[in-house]
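**Student:** Sharing a structure below in structure tokens format, with a few things to ask.
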Amino acid sequence: MDVFDQYLPATAATYGRQLWQQYQFQFQVSKPRRTRLGDFKALPDGSLQITVNADLNPYAFLLTYVHEVAHAVVHRQTQAAKRRTKPKPHGPQWQLAFQQLMQPLLTETVYPLAILGPLRDYLRQPAATSFANPALMSALRQADQNSVGQVLLQDVPEGQAFLFAKKTFVRGTFRRTRIVCKEVSSGKSYTILAHALVTISDE
């Protein structure tokens, strides 16, 4: 079993492998990162690298993987056209590449119907992060197998203590897609994504 069979939905593993072969990038499954789900880099030696967090469920993993492959596609296109100016990271060229790469996956044989609806809506004008689409993030979260006993931060009452990343916070106010929270031990304020999974604390 290779990495694509292990992390992608079974019906998408072959497609994921084909993208890797076609666009020729190094692919690594990364330890969970709090600030990003995946990453694309053009390395100094000219090679390309894509990483995706290991803790994502197969549907979120696939979406993040294709998101990053779209960056590789745009990079290859820019190189081929010998353009001096780089396109915007999540501009029209990336959006088009992402939409085209996702098209073969927009079927119930790959994504459950509960995810497919909000996913199609999101892909009409994809943003830099899928966190920008609450309906899509909620649908993807429901597919998490490790979310037992956890809730979305946005559903935690203001002033309630909760556990996140092995630390205790108190929920504050909304700031766009994030919520201002105060860490209890240090008293420092942090902004945490509204759709982060947290555990209610008894403190």
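**Student:** Criterion first (in contact (Cβ under 8 Å) with a residue 12 or more places away in the chain, among the acidic types (Asp, Glu) and open to solvent by 50 Å² or more (accessible area, probe 1.4 Å)) does Asp55 satisfy it?
**Tutor:** Judged against the criteria, Asp55 is a match.
**Student:** Next up: Using the structure shown, decide if Val198 is among the β-branched types (Val, Ile, Thr) and open to solvent by less than 50 Å² (accessible area, probe 1.4 Å).
**Tutor:** In short, yes.
**Student:** Let me ask another. Of these, Ser147, Ser201, Ser189, which one is in contact with a strand residue (DSSP E or B) (Cβ under 6 Å, 6 or more places away or on another chain), modelled with pLDDT under 85 and farther than 26 Å from Phe61 by Cα?
**Tutor:** Exactly one residue qualifies, and that residue is Ser201.
**Student:** Among (1) open to solvent by 80 Å² or more (accessible area, probe 1.4 Å); (2) under 24 Å from Ala70 (Cβ atoms); (3) not in a loop (DSSP other than H, G, I, E, B), where does Gln125 come up short?
**Tutor:** Checking Gln125 against (1) open to solvent by 80 Å² or more (accessible area, probe 1.4 Å); (2) under 24 Å from Ala70 (Cβ atoms); (3) not in a loop (DSSP other than H, G, I, E, B), the one that fails is (3).
**Student:** Could you check how many residues of the range 24-41 are over 18 Å from Ala128 (Cα atoms) and either among the aliphatic types (A, V, I, L, M) or open to solvent by less than 50 Å² (accessible area, probe 1.4 Å) (or both)?
**Tutor:** Residues meeting the conditions: 4.
**Student:** Mind listing just one residue for me: the one in the range 1-21 that is open to solvent by 60 Å² or more (accessible area, probe 1.4 Å) and not in a loop (DSSP other than H, G, I, E, B) and, of those, nearest to Glu108 (Cα to Cα)?
**Tutor:** Top of the filtered list is Thr11.
The values are calculated or read from the model by the stated rules, or taken from the named source; none is laboratory data. Source: prediction; values computed, not measured. Positions of Cβ are generated from backbone atoms using ideal geometry, with glycine treated the same way; all protein chains shown enter the neighbour counts. Surface accessibility is based on the protein's heavy atoms, side chains included, excluding ligands, DNA and RNA. Shrake-Rupley method; radii C 1.70, N 1.55, O 1.52, S 1.80 Å.
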